[in-house]
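The values are calculated or read from the model by the stated rules, or taken from the named source; none is laboratory data. In this text the structure is predicted, and so the values were computed from the model without any measurement. Positions of Cβ are backbone-derived with ideal geometry, glycine not excepted, and every protein chain shown enters the neighbour counts. Accessible surface is based on the protein model in full, side chains and every heavy atom, while ligands, DNA and RNA are left aside. Shrake-Rupley method; radii C 1.70, N 1.55, O 1.52, S 1.80 Å.
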Amino acid sequence: MDLTASNLMVARGGVPVLEGVSFALAPGRALVLRGPNGAGKTTLLRTVAGLQPALQGEVTGAGERIAYAGHVDGLKTMLSVGENLDFWARVFGNSGIDAALVAFNLVALQDRMAGTLSAGQKRRLGLARLMVTGRSVWVLDEPTVSLDTDSVALFAGAVRAHLGQGGSALMATHIDLGIPEADVFDVAPYRAKPRAAVQDEAFL
Amino acid sequence: MIALLTRDLRLAVRAGGGFGLGLAFFLIVTVLVPFAVGPQTGLLTQIAPGVLWIGALLACLLSLDRIFALDWEDGSLDLLATAPLPMEGIVSVKALAHWITTGLPLVLAAPLLGVLLNLAGPGYLWLFVSLALGTPALSVIGTFGAALTVGLKRGGLLMSLLVLPLYVPTLIFGAEVARRGAEGLAVQTPLLMLAGISFGVTALLPFASAAVLRINLR
């Protein structure tokens, strides 16, 4: 089942940032969002993940198939690496975190408190969470922030393996991930025309 | 759901989790009141149920902003929102975890602290019963307040102002049960009202909390 966005208009803080966005993402494919800071990549990803509503247009094939990873990793500093990962596996109704630990080179860190990890190690743990969700569409917002080149390669390998199993990935990033088969989608041409903020939100 | 509950309980008892915060506050209030009021045992007996209830209520209030704020800051709330759990279930589990870590210790400690305030003999049972019935309402209402103010930095003041009026009915009927119990009067009417409030908010408020949480996550 494809993930499709049709004629999507998304807003940040009530101000439309992107409009007329349409794309389709087939199983086994990856789509990389590009665009300058503030272009609306994060807003678009949050809309696709269902965390905020679109002003116009619709997203199909999302919902319960999405595994979202944002700018922060959702880690509990007072839980160990294994406990953090195990928690997310159980929330998503899965068990078995070993494959994810191996894929992101976290086996040696399994019993360390997440609060004592370096920024790059935390990010790796945050990305390992995607593997234990068992969801088929990964929606990733700047997944490679604070990763070194080796870890980026680990991440690219995990994404490739995920695509190989029929999953798909939608990523916003500024760097070359080393996944040449990924399609690139530049959001810059879809910048919304300047207009007043939409004031029908209950809370702003 | 159970995974979320065990995680929250585990976090609460680890360092920095704030497990003893409410209990310590409750202890301090009930220890200090006799010093402030003076050694008049008759007066203490008279005010004991009310003071214990106010202490429990404020102790509950103290830890409310931790319910969602920490999960919001580290991004887990966004991730939970995309998880297969219904939002109503998430807020109910959060309220339950708050009650177990804050309300339940208060319920168990209150009869012991009643001794410090010279609580009348029959009052111990009714104080325990009224707190056991009333503190779940405090947690559920507080979860609603926490959900309303989740995105705000230092939202604690606003949350206190929003939540305190909602706490008033619980306080009135809860303290009334304890007072009447201590004086040996019939407790049925306020007890039924207190139970009604508790069950009512537990049944209805999670839906409201889930709705405001969804809006706040946008």
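The table below lists the values:
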{"read-out": "Region B:1-117, accessible surface, carbon-and-sulfur percent (1.4 angstrom probe)", "value": "74"}
{"read-out": "Volume of the Cα convex hull of region B:17-110, divided per residue and given in Å³", "value": "89"}
{"read-out": "0 to 90° range, to nearest 10: angle between helix A:149-164 axis and chain A longest Cα axis", "value": "70"}
{"read-out": "Choice from B:170, B:149, B:189 showing the highest fluctuation, given a GNM over chain B with Cα pairs closer than 10 Å", "value": "B:189"}
{"read-out": "Mean separation of Cα contacts under 8 Å, 6 or more apart, over the residue count of region B:65-143: relative contact order %", "value": "38"}
{"read-out": "For chain B: relative contact order, % (alpha-carbon pairs under 8 angstrom, 6 or more apart)", "value": "27"}
{"read-out": "With DNA, RNA and ligands ignored, accessible area of residue A:148 (1.4 Å probe; Å², nearest 10)", "value": "90"}
{"read-out": "Complex-versus-alone comparison for region A:67-95, residues with a loss of 30 Å² or more in accessible area, probe 1.4 Å", "value": "A:68, A:72, A:74, A:76, A:78, A:79, A:83, A:87, A:88, A:90, A:91, A:92"}
{"read-out": "Chain pair B, A: total accessible area buried, heavy atoms, 1.4 Å probe, Å²", "value": "2500"}
{"read-out": "Relative contact order, percent, chain A [alpha-carbon distance under 8 Å, six or more residues apart]", "value": "32"}
{"read-out": "Spherically averaged projected area of region A:3-190 from its Cα convex hull (nm²)", "value": "10.0"}
{"read-out": "Between helix B:21-37 and chain B: long-axis angle, C-alpha atoms, 0 to 90°, nearest 10", "value": "30"}
{"read-out": "Distance between region B:124-151 and region B:46-97 - C-alpha centres, whole angstrom", "value": "9"}
{"read-out": "Amide H contacts of residue A:135 (H built 1.01 Å from N, under 5 Å, at least 5 apart or other chain)", "value": "none"}
{"read-out": "Nearest-10 value in Å² for the accessible area of residue B:72, using the 1.4 Å probe", "value": "80"}
{"read-out": "Unit charges on C-beta of K, R, D, E only; dipole of chain B, Debye", "value": "120"}
{"read-out": "Folded to 0 to 90 degrees: helix A:119-133 orientation relative to chain A principal axis, Cα", "value": "80"}
{"read-out": "Å² of accessible area per residue within the protein assembly as shown, as computed with a 1.4 Å probe and no ligands counted", "value": "42"}
{"read-out": "Cα-only Debye scattering, the protein assembly as shown: base-10 log of I(q)/I(0) at q = 0.09, 0.11, 0.14 Å⁻¹", "value": "-0.64, -0.86, -1.17"}
{"read-out": "Estimated FRET transfer efficiency when R0 is 51 angstrom, pair residue B:192-residue A:15 (beta carbons, to 0.05)", "value": "0.50"}
{"read-out": "Segment residue A:58-residue A:34, length gained on full extension (0.36 nm per residue, minus Cα span)", "value": "6.6 nm"}
{"read-out": "Computed helical MRE - 222 nm, the protein assembly as shown, DSSP H runs ≥ 4 contributing -39500 (n - 2.57), nearest 500", "value": "-17500 deg cm²/dmol"}
{"read-out": "nm² value of the averaged projected area, convex hull over the Cα atoms of region B:88-218", "value": "8.2"}
{"read-out": "With every protein chain in place, chain A: carbon and sulfur % of accessible area (1.4 Å)", "value": "52"}
{"read-out": "Rough spin-label spacing in nm, given labels placed 7 Å along Cα→Cβ, for residue A:99 and residue A:145", "value": "2.9"}
{"read-out": "FRET efficiency, 1/(1 + (r/R0)^6) with R0 45 Å, evaluated for residue B:112 and residue B:214 via beta carbons", "value": "0.60"}
{"read-out": "Beta bridges by DSSP in chain A, antiparallel share as percent, to the nearest 5", "value": "45"}
{"read-out": "Reach of residue A:122 by Cα under 29 Å, taken over lysines that are not fewer than 8 positions away in the same chain", "value": "A:41, A:76, B:94, B:153"}
{"read-out": "Ranking by accessible area, most exposed first, for B:115, B:31 with a 1.4 Å probe", "value": "B:115, B:31"}
